[in-house]
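Notes to accompany the following structure.
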Amino acid sequence: LTPAASFSTSSPPIERDDEIVFGFIGLGNMGFPMASNLRKQTVPLVVFDTNPETCRVARENGMVIASKPEEIITRNFFNKTKSGCSLIFTMLPGCNAIHATMNQLFQVASTDVQDVHCRRVFVDCSTVSPSTSKAWHKKWIEKGHDMLDAPVSGGVKGATDATLTFMVGSEESRGWQVAKPYLDFMGSRIVFCGGPGAGSATKLCNNLALASQMIGICEAMNLGEALGVDPIVLSDVMNTATAKCWSSEVNNPHPKVAAKRSSPAANEYKGGFGSKLMLKDLGLAVQSANEVGVSLPITSQAKELYRLIDAHGLGDKDFGVMLQFLRGKRP
Ligand code: NAD
C-alpha cells in the first residue's frame, strides 16, 4: 500500500472544480511552461513574477497578471464566490524567494477557515531545503490552510512536455486530494513521498546521488581514454555491466559517446541540467545533512568541485562538463 493509496478518498473536495481559481508565482524556465500547461487545461489562472518582461510575455499568452503576490489572495479577478486563488503554485529560485513570497501571502491569508471558501492550498514546486518546507507547512496548517512540498525532476523539457515527476510531501489528505488532479496536467508521475518536507528531501537525495554518479562516470571515461580505450567501447561495456546508470547511458559526459544521442556533451554541454543548479542542490543537501547530523563526505567534495566549475564560468553548462574540468580543459 503506497502512502497515497492509504488516504481516504471519501471526504469531499473543498469546492467544486469550477469554483477553483489557480495562482502561479515564478514564471522562469520551469514555471512558465508549467503554468502554460496548467492553463491549457484549467482556467482561470492568475500569475505573478518579479520580472516585468516575464509578466508581459505571460499576458501575451493569455494569463492574468497580479501586480503583487498578495493580490493572488486578496483580489477577486473573476467574480467568483471567493476572493483570490484557492490553489496556489510557487516555482521560485530557492529558500530566500520562498520565505519572502510565503511571508507576503501569509500576511493577507485569512484565518477564517471555518468558511470553506477561505481555505487555500499552497503547492511549492521549488527546490528548497526540507526544513524550509516543514517551516511553511507548520505555519499554513496552524492558520488552517494546506500545503504540499512538490519539487520536480525532468528539467525544462519535462516542464514543457508535461512529463515532470512530482515528489510530494504533505501532512494530511485534503491538500493532496485537491491538488493531485492538477499536478497531472503538468507531470506524468506524481509520487507521494510522505509527510511535510518528504518531497524536498527525496528530491535532494536523488540529486545528491546523481552528482557523485556523474563524477564517477567522468573519472572512468577520462582514465579509460588516457589508457588507450575507445570511449565508445568503454561506454558500451559499462552500459551492459555493473556501472550502467543514467550518467553512463542517457547523459554520457563524453562528447564522442553523447553524439549517438545528441545529449548535451555533444553540443558543448549546452542544455541539460546546469552545473550551478547542481551546486545549489548539493548545498541544500549538505545543509540538511548538517541539521540532522548525517555525514556526506563524498557529496561535500562533489559540491566543492561544482563550486569550482561555477567559479570558472561554466555554471550554465550541463553538469557533465565535469569531464572536461577534470582534464583541465574548457569545452
Ligand atoms: P529561473 O531562475 O528560470 O526562474 C525563477 C523565476 O522566479 C524568475 O522568472 C524570477 O523572475 C522569479 N522570481 C524570483 N524571485 C521571485 C519572487 N520573490 N517573487 C516572484 N517571482 C520571483 O529558475 P527555474 O530554472 O525556473 O527553477 C525554478 C525552481 O525549479 C528552482 O528552485 C530550481 O532549483 C528548480 N528546478 C529547476 C530545474 C531546471 O532544470 N531549471 C529542474 C528541476 C528543478
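A few remarks follow.
- Selection count, segment 138-152, where residues are more than 12 Å from the ligand (Cβ to nearest atom) and touching a Gly at 6+ places or on another chain (Cβ under 7 Å): 3
- Scanning segment 95-136 for residues being part of a loop (DSSP other than H, G, I, E, B) and modelled with pLDDT of 95 or more gives a total of 5.
- Of all the residues in segment 248-267, those that are surrounded by 14 or more Cβ atoms within 10 Å (Cβ to Cβ) and closer than 18 Å to Val156 by Cα number 5.
- In segment 67-85 there is no residue that is among the acidic types (Asp, Glu), touching a helix residue (DSSP H, G or I) at 6+ places or on another chain (Cβ under 8 Å) and surrounded by 20 or more Cβ atoms within 10 Å (Cβ to Cβ).
- Those residues of segment 64-83 which are among the hydrophobic types (A, V, I, L, M, F, W, C), within 16 Å of the ligand (Cβ to nearest atom) and in a loop (DSSP other than H, G, I, E, B), in sequence order: Ala66
- The set of residues in segment 32-42 being under 16 Å from Glu60 (Cβ atoms) and either of a type outside the set (A, V, I, L, M, F, W, C) or surrounded by fewer than 20 Cβ atoms within 10 Å (Cβ to Cβ) (or both) consists of Pro33, Ser36, Arg39, Lys40.
- Scanning segment 27-42 for residues that are within 7 Å of the ligand (Cβ to nearest atom) and part of a helix (DSSP H, G or I) turns up just one, Gly31.
- Residues of segment 271-323 that are small (Gly, Ala, Ser) and in a helix (DSSP H, G or I): Ser275, Gly283, Ala285, Ser288, Ala289, Ser300, Ala302, Ala311, Gly313, Gly320.
- In segment 298-316, the residues that are surrounded by fewer than 16 Cβ atoms within 10 Å (Cβ to Cβ) form Cβ pairs under 6 Å with partners that are outside any helix (DSSP H, G or I), at six or more places apart or across chains, as follows: Asp316/Gly274.
- Test result for Thr50, out of contact with any strand residue (DSSP E or B) (no Cβ under 8 Å at 6 or more places or on another chain), free of Cβ contacts under 8 Å to residues at least 60 places away in the same chain, within 12 Å of the ligand (Cβ to nearest atom) and part of a loop (DSSP other than H, G, I, E, B): yes
- Tally of residues being more than 11 Å from the ligand (Cβ to nearest atom) and under 17 Å from the mean Cα position of the chain (by Cα) across segment 84-106: 2
- Some residue of segment 225-234 being within 16 Å of the ligand (Cβ to nearest atom) and modelled with pLDDT of 95 or more: no
- Boolean, Gly228 is surrounded by fewer than 13 Cβ atoms within 10 Å (Cβ to Cβ), outside any loop (DSSP other than H, G, I, E, B) and on the phi > 0 side of the Ramachandran plot: no
- Hits in segment 299-331 - residues which are among the small types (Gly, Ala, Ser) and at pLDDT 95 or above: Ser300, Ala302, Ala311, Gly313, Gly315, Gly320
- Any pair with Cβ under 6 angstrom, 6 or more apart, that starts in segment 137-158 at a residue that is under 17 Å from Lys203 (Cβ atoms) and ends at one that is charged (D, E, K, R) and within 15 Å of the ligand (Cβ to nearest atom): Asp149/Asp124; Pro151/Lys203
- Within segment 153-186, tally of residues that are closer than 26 Å to Lys276 by Cα and surrounded by fewer than 24 Cβ atoms within 10 Å (Cβ to Cβ): 11
The values are calculated or read from the model by the stated rules, or taken from the named source; none is laboratory data. In this text, all values refer to a predicted model and were calculated from it rather than measured experimentally. Quick reminder, even Gly has a Cβ in these numbers, built from the backbone with ideal geometry, and neighbours come from all protein chains shown.
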